[in-house]
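The values are calculated or read from the model by the stated rules, or taken from the named source; none is laboratory data. Fair warning: this is a prediction, and the values are worked out from it, not measured in the lab. Cβ: placed from backbone, ideal geometry, glycine included. Neighbour counts: every protein chain shown.
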Amino acid sequence: MGAVWLISIVNLMMVLLVRSLESGLQNGFYSSSCPKAEAVVRSTVESHFSKDPTIAAGLLRLQFHDCFVQGCDGSVLISGSFAERSALPNLGLRGFEVIDDAKAQLEALCPGVVSCADILALAARDAVDLSDGPSWTVPTGRRDGRVSSSSQTSSLPSPLESIAAQRQKFAAKGLNDHDLVTLVGAHTIGQTDCLFFRYRLYNFTTTGSADPTINQTFLSQLQALCPQNGDGSKRVALDIDSQTKFDVSYFKNVRDGKGVLESDQRLWGDDPTRSIVENYAGHIKGLLGLRFDFEFPKAMIKMSSVEVKTGLEGEIRKICSKIN
Ligand code: HEM
Ligand SMILES: *[C@@H]1O[C@H](CO)[C@@H](O)[C@H](O)[C@H]1NC(C)=O
Ligand SMILES: *[C@@H]1O[C@H](CO)[C@@H](O)[C@H](O)[C@H]1NC(C)=O
């Protein structure tokens, strides 16, 4: 038994090592060029988080939207009407000021060394940790991209799309069903506008009734929060039970018909994704059950290696919102 465990742990370490070598990233990339890099990002995220704990969700989502368009290269941070940031799926993104703040401090400390793409990957990790979630070592060495175009955001999933479509978009980034469900577990923190799900609450079926997959008690709760003709920009927690705590209640909610976005609830309507949700929600007990706080870091390391630029590719931006 002990030997089997040891072998599988060694195996896992090899897999992670090979994966990070393949991506060209490495743990502690700045350990000699800017030894305080990770500590500066950490303290910056901490100071913003202490004023507004919901900023953690903003940073985590920012990393996802960065990686799905042009790879994890900080392209989402570029401002301007031409840039990704101005495209519809990105209008609600927040946390840019945290990245800019950390960058300004790092430019004073070690000019031209630490990429915006790495600052974002580190900030997303710290955000999860501060929200009582797991922590992990972030492989670093990403370079910043020089392209950001508002017309290139169709690779981002929409909450109205089917699981088949979500699956396809994740697969295009080398991410499987397991990664998909695990990563969407990020919705255990954060909020959404009424606008993104209100259509489920009223006349969803065109026969006048709501989306039948919504739990009845939850339906009246959501209707009270988002009246049919009320303010569409009102914010509602994606995980009704604990919106600032990184835990497994999101999966329990999906199981119980309390997913807020249509894409969240559909994870329960598709067999392969459902069994993963069930697992995280605690349905399967004992050693064989996957643990969300163990799987999430692995999935994040995988996502944050998508199409990264390393070596001589790209640049190290001086200001995260502007190409040099
Ligand atoms: C199936 C794919 C996904 C869809 C369709 C989706 C969709 C959405 C939508 C519509 C919102 C609300 C935005 C708003 O109202 O401003 C949201 C919020 C959020 N998403 Fe996702 N998402 C997906 C996957 C992910 C992944 C993979 C992550 C991170 C690893 C993530 C992290 C978040 C977070 C943290 C929030 C809250 C943001 C905040 O409070 O500002 N999502 N998502
Ligand atoms: C629901 O939508 C359908 C089709 O758009 C419409 O004909 C019907 O009158 C609506 N019903 C209610 C109760 O709003
Ligand atoms: C609806 O929510 C209630 C209360 O939270 C829960 O006990 C019940 O199992 C849920 N119903 C379904 C069909 O999941």
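Sub-7 Å Cβ pairs linking a first residue in the range 25-40 that is closer than 14 Å to LYS103 by Cβ and aliphatic (A, V, I, L, M) to a second residue that is in a loop (DSSP other than H, G, I, E, B) and at pLDDT 95 or above, at least 6 apart or interchain, are ALA37/TYR30; ALA37/VAL114, ordered by first then second residue. Looking at SER242 and the list (1) over 25 Å from PRO89 (Cβ atoms); (2) within 14 Å of ligand 1 (Cβ to nearest atom); (3) at pLDDT 95 or above, which single condition is not satisfied? It is condition (3) that SER242 fails.
Against the conditions (1) within 19 Å of the chain's Cα centre (by Cα); (2) near ligand 1 (Cβ under 9 Å from one of its atoms), ARG142 satisfies every one except (2).
Under the condition of being closer than 21 Å to SER23 by Cα and small (Gly, Ala, Ser), the residues counted in the range 58-81 number 3. Looking only at residues in the range 198-221 that are of a type outside the set (A, V, I, L, M) and part of a helix (DSSP H, G or I), the one that is nearest to ligand 2 (Cβ to nearest atom) is TYR199.
Taking the range 128-167 as the range and being over 30 Å from SER50 (Cβ atoms) and of a type in the set (Asp, Glu) as the test, only GLU161 passes. Within the option set ALA172, ALA210, ALA165, being out of contact with any Asp or Glu (no Cβ under 8 Å at 6 or more places or on another chain) and within 16 Å of ligand 3 (Cβ to nearest atom) holds for one residue only, ALA210. Looking across the range 161-174, the residues that are near ligand 1 (Cβ under 8 Å from one of its atoms) and farther than 17 Å from GLU307 by Cα come down to GLU161, GLN166. Checking VAL128, VAL147, VAL113 one by one, the residue that is closer than 29 Å to PHE292 by Cβ and not aromatic (Phe, Trp, Tyr) is VAL128 and no other. Here ASN229, ASN203 are screened, and the one residue that is on the phi < 0 side of the Ramachandran plot, of a type in the set (S, T, N, Q) and more than 10 Å from ligand 1 (Cβ to nearest atom) is ASN229.
Residue-by-condition table, conditions (1) surrounded by fewer than 21 Cβ atoms within 10 Å (Cβ to Cβ); (2) assigned to a loop (DSSP other than H, G, I, E, B); (3) not aromatic (Phe, Trp, Tyr):
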site: THR137; (1), (2), (3): yes, yes, yes
site: ARG142; (1), (2), (3): no, yes, yes
site: SER155; (1), (2), (3): yes, yes, yes
site: ARG167; (1), (2), (3): yes, no, yes
site: LEU175; (1), (2), (3): yes, yes, yes
site: LEU180; (1), (2), (3): no, no, yes
site: LEU183; (1), (2), (3): yes, no, yes
site: HIS187; (1), (2), (3): no, no, yes
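Of everything in the range 222-250 that is among the polar types (S, T, N, Q) and within 16 Å of ligand 2 (Cβ to nearest atom), the residue that is surrounded by the fewest Cβ atoms within 10 Å (Cβ to Cβ) is ASN229.
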